[in-house]
Every structure is written in structure tokens, then in C-alpha cells.
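Presented below is the structure to which this report refers.
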Amino acid sequence: MLRPYAGLEIDGFKLGECLHKGGFATIWDVTHPMYRTPMVMKVPTILDGYDGPTIVGFEVEQMIMPRLTGLHVPRVVAEGDFSVMPYIVTERIPGASLLEYFKTKPRPLSEVVETAARLAAAVHDLHKQHVIHLDLKPDNFVQRVTGEMVCIDFGLSRHDELPDLLAEEFTIPMGTFPYIAPEQILRSRDDLRSDIFALGAMIYELATGRLPFGQPEKLKGARKRLWRAPLPPRAIDRTIPEWLQEIILHALEVDPARRYQSAAQMLFDLTHPGQVKLTERSRKTEADGALTRFRRWRQMRRVKGFAAPHTTSAQINRAAIIMVAVDLSPEMERLAGQLLLAVQRMLNNRPDARVACVNVIKTARIGIDTTTTDEGDHMHVARLVALRTWAESLDLTEDRLTFTILEGSDPARILIDHAETLHVDHIVMGARSHSSTRRFLGSVSSQVVSEASCSVTVIRMPMVAQGAADPDGPAELAEPVPEPATEPAPEPATEPAPALSA
């Protein structure tokens with residue numbers, strides 16, 4: 001088997017400088033006459049000793065990485081198998097990993113929140129592609145010049161739709177001990193909330209300058225996090241706001257059922273600090289006492305694992321962010337009621353979902369005031385009050401319900417952009433009645449259906465013939481319903497709530 005060296009040519013790629021030499025792989029600058037984009041080649045370090053984990057981990061990367069797309073992962077250019085020299089060639093992302101950035105911790109609050117939000121966005125994008133990383137740490141993130149965080153090193157990852165080679169061949173927990181989640185220590189590799197725990201550890205580190213569980217070198221030391229909570233961030237630095245401590249400690253809960261259920265929901269709190277629901281976690285300023293730790297130790301010593309949903313997509317579905325666009329016009333009152341019923345049905349099957357209620361004020365031509373009603377009331381405030389009234393019967397706590405009034409001349413574009421900002425999983429909206437003008441020019445709902453990056457449910461009132469006896473019949477889904485952007489209100493199978501299992 002070939003060993004990499006500067007000047008080696010393989011499959012048209014010529015190796016240049018060695019950019020990184022680690023215990024499991026080397027990274028090389030490479031060129032190819034057919035590609036002008038900067039590229040790197042990753043080659044596993046295979047020695048004469050026991051290299052089983054290295055070989056299997058690289059096979060995992062070769063299976064997973066070509067399936068991934070988007071700005072939050074490196075684009076794969078080529079692969080080489082073990083018959084000559086195993087390698088993966090990807091685009092080269094300028095700059096070093098976040099490890100150097102983390103060496104200057106703690107960082108200012110604004111930087112902590114911005115970095116955390118970008119990390120959470122990258123992880124959520126990964127989860128939507130059926131992948132759990134399982135080794136998130138500063139070394140495994142690179143930031144693009146445009147700001148997006150890129151996840152790298154998928155040697156320990158798990159893909160829902162592929163065999164888990166690591167679980168099949170090895171029984172020891174795998175991960176980086178300062179960031180590894182409790183369920184990983186108990187040999188679970190199927191829970192996306194393991195990545196959320198690692199995110200919490202990274203944010204803790206950025207905010208306080210310390211690792212939440214120190215730097216254990218052996219599994220015995222890492223196991224202590226099953227019963228020992230980290231020192232509250234505000235015990236280290238009182239300038240850390242309660243809402244940020246709430247987010248961090250929420251992500252670091254031992255039982256996955258008590259953590260954020262998706263990275264998108266964590267991102268939502270990071271970008272809406274005023275709506276973070278503060279619990280006892282946010283007010284802690286001291287370490288847990290010896291008696292508390294002893295009680296937890298007694299409870300956890302016999303625990304063999306934590307219950308989890310069967311698939312990554314099922315977990316995301318339970319913890320979806322649903323955006324509902326409500327038309328508050330008087331003539332659309334019936335349709336608004338049907339929207340409410342549709343959202344209630346979705347919540348029955350998505351018990352951990354959050355709902356983002358929005359209304360759009362369409363601005364008129366320049367010079368015309370559209371900020372006040374005919375009665376002189378401020379339109380933004382009036383719409384916000386009406387939107388809150390509409391959502392009262394959803395019976396959701398404040399941390400699961402948000403209200404936003406958007407303004408602009410292109411309602412469809414505004415809704416699409418807002419959904420992308422919130423990483424919305426599903427949009428629910430109404431469609432006004434049919435008319436020849438709307439069929440010719442198109443409608444807001446049809447534009448959202450065709451351009452949104454998530455699924456969309458469109459509700460409309462049925463067309464009723466003149467003189468029909470029952471104009472108040474039930475609403476129906478708009479037709480046609482093109483895929484993949486549009487779908488009827490989903491009715492996924494409910495998953496059992498995660499719980500401790502002995």
C-alpha cells in the first residue's frame with residue numbers, strides 16, 4: 001500500500017505540502033489538472049500495529065461524506081480505496097479549525113452567542129441529512145469566509161440509512177472525553193442529542209474559559225458526568241446572563257430527554273434571548289453539594305442507557321419548528337380558524353414542536369404611510385395583539401410560541417427568508433380565494449411552495465357555487481401539491497418520550 005509523500009501522484013492528484021499530521025490521518029495540499037478549486041487530501045495513518053478503528057473510521061467517512069451537501073460540510077471531489085492508497089479529496093476551506101479561536105477563551109458575550117448560533121445551525125443541517133456527528137469539538141469545525149461553520153472529520157459519525165460499522169466491530173465508547181455525552185459513555189450511538197450535549201460543552205468553554213467536565217483521559221473519569229453536574233457558568237463569571245446559563249445547562253443535562261430536542265431549537269433560543277424560559281438552572285451560582293451528588297450516583301449506577309427515538313429524522317420531527325403565516329384581514333377570519341385547527345393537529349403528533357406565528361404587513365409605494373390604521377392606531381402593534389389573540393387556544397408555554405410582524409413589498413419573499421433564518425421545518429399558511437387575476441399572476445402561497453427549502457401546508461377555503469347552502473364547509477389543502485417543497489399536514493407516528501432505562 002502506498003504511503004503519502006510530497007510529490008506523489010495518484011489518480012491525477014499531485015500531493016504538495018503536508019498541512020496537518022495527526023494520530024489518525026494526514027492532510028495534504030493537492031492539485032489536479034482538471035480542477036482549479038483549492039483542494040486537500042485526507043489519508044488515514046495506517047501503521048503495522050492495531051489500526052482497526054482507524055481503518056473502519058475512514059470507511060465510515062468514505063460512506064457518509066459523499067452523501068452530504070450544503071455549506072456546512074466540505075464538498076467531496078474524489079475518493080481512493082484501500083487497494084492502492086485510501087484517500088478523500090475535498091474542497092479546501094481557508095483558515096484553521098476553531099481550536100485556535102478557542103485557545104483565546106473566554107470570549108466576549110456577543111462573540112459567544114454569535115459563534116454558538118453558527119455552530120448550532122451547522123449541526124442542525126447535518127442532522128437533517130440523517131447524520132449524527134458524535135465527535136463535535138473545536139478541532140472539528142472550520143469557518144468559511146462567508147461565516148458558515150463547516151463540520152469536518154466524520155470518522156465516528158452515524159448515518160441513519162447506512163450500517164453502523166463502528167458499533168458492529170467495537171464495543172468501547174468512542175469520542176473526545178471533554179465533550180462526549182453521557183449516553184455515548186453508555187455505548188449509545190443513535191441519539192442526535194449527543195451532539196447537542198457537545199455543543200453545550202463548547203459554549204460553556206467559550207463563555208467561561210473552562211471545560212465543563214475538565215479533561216479526563218480515561219473512561220472512568222468521563223463517567224462521572226453521569227452524576228456530577230458542571231459548575232454553573234455564573235459561579236465562574238457573574239456577568240454571564242441568566243438566559244445564556246439556562247441554554248448551556250439545558251444542553252448539558254444528563255438525561256437526553258431533558259435537553260434541547262434539536263439543534264434548531266437551541267439556535268432559536270440563542271437568537272431570541274428575551275424569550276428563553278428561565279428555570280432553576282438559570283439561577284444556580286454554586287456547585288451541587290455532596291448529598292446531591294451521592295443521590296445522583298445511587299440513581300445512575302445501575303442505568304444501562306437512555307431511551308431514544310429510532311431515527312434522527314423522527315427526533316427532528318418531534319422537535320420541529322413550525323411557522324404559521326396568519327392573514328388577519330377580516331374577510332380571512334374563517335381561514336384563520338382553519339389554520340388554527342391545522343396547527344393543533346400537527347402539535348398532537350409533534351409534542352416538542354415550537355410554533356412561530358407571523359403576519360406580514362405589505363408595504364405600499366414610497367411616500368404612502370402604511371404604519372397606521374384608518375383609526376390612527378399603530379398597525380404593527382395592532383397586528384401583534386391580534387396575532388397573540390389568534391394563538392391563545394394553542395395552549396403553549398411562552399418558550400414554545402413566538403410572534404413576529406414582518407414588513408415588506410414582497411410577502412412571499414419575506415416569508416421564505418424568515419423561515420430560512422429560523423431554520424423552520426414546516427410552514428403552514430392560507431390561500432385566498434381563486435380568481436383569474438391570481439391564476440395569471442400567481443399567489444403568495446404558490447411562490448412559497450415553489451421556493452421554500454422546507455415542507456409547506458397550504459390551507460384554502462373551498463370554492464362554493466352560487467346559492468350553495470353551506471358556505472362554511474371545512475377548508476381543504478391547496479392543489480396541486482408539488483414535491484418536495486409542499487406536503488399536506490404531516491401525521492408522523494408519535495415516539496415514546498425518552499426515559500431512563502435500567
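The values are calculated or read from the model by the stated rules, or taken from the named source; none is laboratory data. This one's a predicted model, so the numbers in the text were calculated from it and none came from an experiment. A quick note on method: Cβ atoms are made from the backbone with ideal geometry, for glycine too, and the neighbour counts reach across all protein chains shown. Ligands, DNA and RNA are excluded from the accessible area calculation, which covers all protein heavy atoms including side chains. Shrake-Rupley method; radii C 1.70, N 1.55, O 1.52, S 1.80 Å.
Using only alpha-carbon positions in region 100-313, the gyration tensor eigenvalues give semi-axes of 24, 23, 16 Å once each is multiplied by 5 and square-rooted (largest first).
If the only charges are +1 at each Lys and Arg Cβ and -1 at each Asp and Glu Cβ, what is the size of the charge dipole of region 100-313 around the Cα centre, to the nearest 20 debye?
Taking the Cα centre of region 100-313 as origin, the dipole is about 1260 debye.
Placing one equal scatterer on every Cα of region 8-91 and applying the Debye formula, the log10 ratio I(q)/I(0) at q = 0.15 Å⁻¹ is -0.54. Counting only alpha carbon atoms, the long axis of helix 411-422 and the longest principal axis of the chain meet at about 30°. Rounded to the nearest 20 debye, the dipole size of region 107-174 about its Cα centre is 340 debye, using +1 on the Cβ of Lys and Arg and -1 on the Cβ of Asp and Glu. Size of region 122-228 from its Cα atoms: along the principal axes, largest to smallest, the extents are 40, 38, 18 Å.
By the rule of a C-alpha distance below 16 Å, with chain neighbours fewer than 8 residues away ignored, the lysines paired with LYS21 are LYS42. Assuming a viscosity of 1.002 mPa s and a temperature of 20 °C, what translational diffusion coefficient in µm² per second does Stokes-Einstein assign to region 229-315, Rh being the Kirkwood radius over Cα pairs? So the translational diffusion coefficient is about 147 µm²/s.
Rounded to the nearest 10 degrees, the angle from helix 242-251 to the longest Cα principal axis of the chain is 60 degrees. Here's the picture: charge each Lys and Arg Cβ at +1 and each Asp and Glu Cβ at -1 in region 70-116, and of ALA78, PRO94, ALA116 the one pushed furthest to the positive end of that dipole is ALA116.
So, with a 1.4 angstrom probe, what is the percent of accessible area on the chain that is carbon and sulfur?
52
Between LEU291 and LYS224, what's the calculated FRET efficiency when r is the beta-carbon distance and R0 is 25 Å? Round to 0.05. E between LEU291 and LYS224, to the nearest 0.05, is 0.95. Rounded to the nearest 20 debye, the dipole magnitude of region 63-129 is 180 debye, with +1 charges on Lys and Arg beta carbons, -1 on Asp and Glu beta carbons, and the Cα centre as origin.
Take the chain with all the other protein chains still there, run a 1.4 Å probe, and you get 48 Å² of accessible area per residue. Would you kindly give the portion of the calculated P(r) for the chain that falls above 29 Å, as a percent of all Cα pairs? Considering the chain, 57 percent of its Cα-Cα pairs are separated by more than 29 Å.
Region 64-117 and region 385-401 have Cα centres lying 40 Å from one another.
The convex hull built on the alpha-carbon positions of region 83-160 has an orientation-averaged projected area of 6.6 nm². How much of the DSSP beta bridge set in the chain is antiparallel, as a percent to the nearest 5? Looking only at bridges with both residues in the chain, the antiparallel portion is about 60 percent. Electrostatic tally near PHE170: other residues with Cβ closer than 12 Å to its Cβ, Lys and Arg +1, Asp and Glu -1, net -1.
Projecting the Cα positions of TYR260, CYS151, GLN299 onto the charge dipole of the chain (unit charges on Cβ atoms of Lys, Arg, Asp and Glu, taken about the Cα centre) puts GLN299 furthest along the positive direction.
Distance from the Cα centroid of region 1-35 to that of region 331-355 is 55 Å (rounded to whole angstrom). Only lysines eight or more places from LYS220 in sequence, or on another chain, were considered; those with a Cα closer than 18 Å are LYS304.
One decimal place: the segment THR279-LYS103 gains 60.3 nm when fully extended, by the rule 0.36 nm per residue minus the C-alpha distance.
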